[in-house]
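Here the structure comes first, spelled out in structure tokens, and everything after it is commentary.
Nothing in this text is a laboratory measurement; each read-out follows from the coordinates by a stated rule. Not measured: the values here are computed from a predicted model. Cβ coordinates were reconstructed from backbone atoms using ideal geometry, including for glycine residues, and neighbour counts include every protein chain displayed.
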Amino acid sequence: MKIFKRCLFILLDGSRPDVLGELLSAGRMPNFFDVFVKQGTFTRATSVFPSTTGPAYLPYLTGFYPGHCNVPGIRWFDRKAFKARSYVGYESYLFNHDISRDVQTLFEHVKRPMNIFSPVSRGVGFWGNRTRMMRSLYALYAHFTQNWRFVDRCIGYETRSALNDNPDFLFTAFPGVDEMTHRTDPFSEEVIKTYLQFDQELGKIMDQLEKQKMVDDTLCVLASDHGLSATHTHLDLVELMNEAGFDTFFYPKVFWPKVFKQKFDLAIMQSGNAMAHLYLKNGHGWERRNDSHECEKLIEILVRRPEISWIASQDSDGKIYVRSKEGEGWIMEEHGKILYTSRGQDPLQFKKIKMVMTPQESLELSFDQLYPDAFVQLLQLFKSERTGDVVINAAPGYDLRLHYEWPEHFSSHGSLIQEHMHVPLAFSYPIELNRKIRSVDVFPTLLKLLGLSQEKECDGLALVA
């Protein structure tokens, strides 16, 4: 195993492995081919639930799932602290503060870390966070002009500039593919142009490494946080709940303090628009999570909707309860094994599964099915005290948000479907692949390839010995 002096980690936000594969087969991404396919490793891995920007960065940078980091979505409500958060906007600068203090980032393992355009930057320091001041300006400009390829060019320039300072770990996120896909669809001409422009930026970055004689001792890694799927119909979840008699609290009311102080009995927090957390007030106020029995009325209203594939909550005994229109299932952990039972039609629609599995077996069996790694992902999510009483997974083609989403989204992510969960993973170094991979496996792998010690166990398993 080779030990590298530094690592350049590129997060191609929202990229899909199948789109990359088609472009590579057509010879349209020559720089990606030279860096990752010709001399390294190009495969696919599973992301996390919710599969959304921010929380899905955490596995790569910490080795832990979002639930273990206590950041269960891009929007969430904290019952005990009675506060809400939305990382869409200025509150993204609070992301590092919200991550559990029990978690250490990869930035905190190295001496000269740098970060470009990622909200996760704990341990980087002021000067190492190269786009700290410009990130919001870039996003604001592109939001109104829809010129995200300009932002990606700026990210490429910032990356090349940062390499002049010889960081030992540089994390850089390109947002263009994600943003352009939201506005069109995963296979649109505008999205393909964004992939191809990224390949040009990758070529310039590699030229910079060559110029500085840093190529041989630099490990290059590329991954995505989630994929996206086309959206044809929006469910106005807030309006649906209002019509059902609930007094709702939702984004963008997060930013209206006077409204926030008003009484409400249901908080609705969507992530990526294809999943949502629902928090229900009970007779004791907001002090504790409601179990599935206490949410029965709410679940019955939601489960009938064609826009919703299934709903998850937690039983009083700790089991994860999954309910669809046709059936129900229960997931639990016991002595390091995952146990799954269902009644009626399996709500997770597994064609081949075991009743008792190790976590790795559950990934191997579910990887190519509709909901990859569903068991582990639901278990990890409910470990966060900020997770909703009810978690909604939208059906393919639908999302859970209509108003206050400008511009309108024609593609969504956040759910557990394969199109959202399968992400590309590439190394400029050949790695022997003998098992299916989760995004949490990248963190311990990077530590080993950088010759760094792992102080405590994480959720991932290293891909190298």
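Miscellaneous remarks
- Annotation note: Cβ proximity below 7 Å between a residue of region 209-236 that is in a loop (DSSP other than H, G, I, E, B) and a residue that is of a type in the set (Val, Ile, Thr) (sequence gap 6+ or interchain) occurs for Ser224/Val423; Asp225/Thr53; Asp225/Val423; His226/Thr52; His226/Val423; Gly227/Val423; Leu228/Thr181.
- Exactly one residue out of Phe169, Phe198, Phe187 is over 28 Å from His409 (Cα atoms) and of a type outside the set (Val, Ile, Thr), and it is Phe169.
- Condition broken by Pro359, with the remaining ones in (1) touching a residue at least 24 places away in the same chain (Cβ under 8 Å); (2) under 20 Å from the mean Cα position of the chain (by Cα) satisfied: (1)
- Gln369 being in a helix (DSSP H, G or I) and surrounded by fewer than 18 Cβ atoms within 10 Å (Cβ to Cβ): no
- Positions within region 432-454 being part of a loop (DSSP other than H, G, I, E, B) and under 18 Å from Phe169 (Cα atoms), in sequence order: Leu450, Gly451, Leu452, Ser453, Gln454
- Annotation note: of Tyr65, Tyr57, Tyr90, the sole residue that is under 30 Å from Leu266 (Cα atoms), of a type outside the set (A, V, I, L, M, F, W, C), touching a residue at least 12 places away in the same chain (Cβ under 8 Å) and surrounded by fewer than 15 Cβ atoms within 10 Å (Cβ to Cβ) is Tyr90.
- The residues on offer are Phe375, Phe382, and the sole one that is in contact with a Phe, Trp or Tyr (Cβ under 8 Å, 6 or more places away or on another chain) and either within 22 Å of Asp459 (Cα to Cα) or aromatic (Phe, Trp, Tyr) (or both) is Phe375.
- Positions within region 338-352 being surrounded by fewer than 19 Cβ atoms within 10 Å (Cβ to Cβ) and β-branched (Val, Ile, Thr), in sequence order: Thr341
- Hits in region 143-193 - residues which are in contact with a Ser or Thr (Cβ under 9 Å, 6 or more places away or on another chain) and β-branched (Val, Ile, Thr): Ile155, Thr159, Thr172, Val177, Thr181, Thr184, Val191
- Single condition Leu416 does not satisfy, out of (1) part of a loop (DSSP other than H, G, I, E, B); (2) surrounded by fewer than 24 Cβ atoms within 10 Å (Cβ to Cβ): (2)
- Condition met for Ala26 (among the hydrophobic types (A, V, I, L, M, F, W, C), out of contact with any helix residue (DSSP H, G or I) (no Cβ under 6 Å at 6 or more places or on another chain) and surrounded by 18 or more Cβ atoms within 10 Å (Cβ to Cβ)): no
- Of all residues in region 111-148 being surrounded by 20 or more Cβ atoms within 10 Å (Cβ to Cβ) and β-branched (Val, Ile, Thr), the one that is farthest from Leu61 (Cα to Cα): Thr131
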